[in-house]
Amino acid sequence: MSYIEKLEELLTKSVIPDITDRLDEIFEEIAGNKEATQDAKEEIEELREFKSDLEDVVEEIKNGDMEEEEAKELVADILSAQEGEAEEEFGFVEEE
């Protein structure tokens, strides 16, 4: 599998759905509280922008505008970020 294919798979099957799920969670919290905190509003805005950027990357892939080397770097960044999230969830993050 090429890095471009791997990137598209990561984005469409993992990263973008995770962002969508997190947005849904925030909206559920807001509905329960009947009010959005400033932090929630900021997180929503950041997640929407990030999701839009990732959707643009998927579009670049579909249009054939993605270089293999760029895809390789993005895959490495995503996997590193996902690894960091897993460590945080399980409390394995080393303090500096």
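Bear in mind these aren't lab numbers, they're just calculated from the coordinates by the rules spelled out. Keep in mind the model is a prediction, meaning the values are calculated, not measured. Cβ: placed from backbone, ideal geometry, glycine included. Neighbour counts: every protein chain shown.
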Review point. Put +1 on the Cβ of every Lys and Arg and -1 on every Asp and Glu Cβ in the chain; which of Ser80, Gln38, Ser14 then has its Cα farthest towards the positive end of the dipole?
Key: Ser14
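Taking Cα pairs under 8 Å and at least six residues apart, what relative contact order does the chain come out at, in percent? Intermediate values should be presented prior to the final figure.
Values: 36 pairs, mean separation 47.2, N = 96.
Result for the chain is 49 percent.
Hey, what number do you get for the chain at 222 nm if only DSSP H runs of n ≥ 4 count, each worth -39500 (n - 2.57), divided across all residues, to the nearest 500? Display every interim value, and only then the final one.
Numbers: 4 runs with 74 residues, N = 96.
My calculation for the chain gives -26000 deg cm²/dmol from helical runs alone.
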Check your understanding: Of (i) 15.8, 46; (ii) 28.3, 91; (iii) 20.4, 75, which one was derived for Rg and Dmax of the Cα atoms in Å from the structure shown?
Key -> (i)
Review point. So how many Lys-Lys pairs in the chain land under 29 Å Cα to Cα, not counting same-chain pairs under 8 apart?
Key: 12
